[in-house]
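Note sheet for the following structure.
Each value in this text was obtained by applying a stated rule to the coordinates, not by laboratory testing. Please read all numbers here as calculations on a predicted model, not as lab measurements. When we count neighbours, we look across all protein chains shown, and the Cβ atoms used for this are built from the backbone with ideal geometry, even at glycine.
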Amino acid sequence: MKDKPDQVKLDNLSYEEAIKKLEEIVHRLEDAEIPLEESLSSFQEGLALSRYCRDKLAEIEYKVEYMLKEEQQSLAGSDCAAEETENESDQ
């Protein structure tokens, strides 16, 4: 399946750039003077940006949780090694 052109554009955005674009769209939609078709197009773009930001945050959250688990396992492993060394020296 080929990526949609809009998705390729989104993939090239940083999270901060996507948020900024989303804020611009919200301000544009708050303007009662824009035509209906432009409102719909902006709304669709806003939904895509919102989904992209949500997915980016979920990805970062997963990475942080993974790193924290690795760190806890590393600390637990070093605690066990320290206890073994301590027990060996007691004997």
| Between E70 and E16, what is the FRET efficiency for a Förster distance of 35 Å, r being their Cβ-Cβ separation, to the nearest 0.05? | 0.85
| Charge context of M67, other residues only, Cβ under 14 angstrom, K/R +1, D/E -1 | -3
| Label-point separation in nm, K63 to E30, each point 7 Å along Cα→Cβ | 3.1
| Eligible lysines near K9 by straight Cα distance, threshold 16 Å, same-chain separation 8 or greater | K20, K21, K56
